[in-house]
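The block underneath contains the structure these notes are about, expressed in structure tokens.
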Amino acid sequence: MPFLLRKIQKAKWEPKEELPRGAIPADAITSDMRTRSNRLSFWRAGNDGEDAMKEVVLALAANFQRLDKIDIVCIDENSLRDSSIDVQDCPGRTPVRKLKVQHVDAVQLDMEKICLLARTIASSMKSRFKRFRKKEVGEILLTAVQEGRLELDRLQDNLRSDLRGHE
């Protein structure tokens, strides 16, 4: 079963006192679900396990300016297709060449589809969510460098500096 993973900010999705129980905060949508050309970026994985999440962390963190934590949510791709949300392959923006092909976009999004996506993400936060602490992100990046999957000189200067201090 294919899964789609996306970086989010957990705090934005948590219940808010001023909102009715079960409501999805608007801040979650406006910050974590910003679209471009009615598309929303995801990374595809064959499963929802931690190793699949680490691959997405690697793809994303390799583009960071600085070493930081990452919150990842995982949703069932088939549930999107069942909701008439189309997904298209498109190369990901990451210096990890082998991971570029794992990138997809949810396409032709409108307000109804964004609401469906938001509900799916909110539901998945309960069981398919993981926070990778700054230290874990650094270890994932350093392991990829050691394995020859990521070239250190392809990283931003500040991120390289953070990783040197992380070793």
Pairs please, first residue from segment 103-117 and farther than 15 Å from GLU77 by Cβ and β-branched (Val, Ile, Thr), second anywhere and part of a helix (DSSP H, G or I) and modelled with pLDDT under 95, Cβ atoms under 9 Å, 6+ apart in sequence or on different chains.
ILE114/ILE29
Of all residues in segment 17-26, count the ones that are surrounded by 11 or more Cβ atoms within 10 Å (Cβ to Cβ) and among the small types (Gly, Ala, Ser).
2
Of residues in segment 1-16 being aliphatic (A, V, I, L, M) and in contact (Cβ under 8 Å) with a residue 60 or more places away in the chain, the one surrounded by the fewest Cβ atoms within 10 Å (Cβ to Cβ)
MET1
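Of everything in segment 27-48 that's among the small types (Gly, Ala, Ser) and part of a helix (DSSP H, G or I), which residue is surrounded by the most Cβ atoms within 10 Å (Cβ to Cβ)?
Taking segment 27-48 first, the residues among the small types (Gly, Ala, Ser) are 28, 31, 37, 41, 45-46.
Narrowing the set further to residues that are part of a helix (DSSP H, G or I) leaves 28, 31.
Working: ALA28: 21, SER31: 14.
This residue is ALA28.
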LEU19 passes all but one of the listed conditions (1) out of contact with any Leu (no Cβ under 9 Å at 6 or more places or on another chain); (2) touching a residue at least 60 places away in the same chain (Cβ under 8 Å); (3) of a type in the set (A, V, I, L, M); the exception is number (2)
Looking at ARG36, ARG44 in this structure, which one is closer than 27 Å to LEU159 by Cα, charged (D, E, K, R) and free of Cβ contacts under 8 Å to residues at least 12 places away in the same chain?
ARG36
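The values are calculated or read from the model by the stated rules, or taken from the named source; none is laboratory data. Being a predicted model, the structure only gives us computed values, none of them experimental. As a convention, Cβ positions derive from the backbone with ideal geometry for all residues, glycine included, and neighbour counts pool all protein chains shown.
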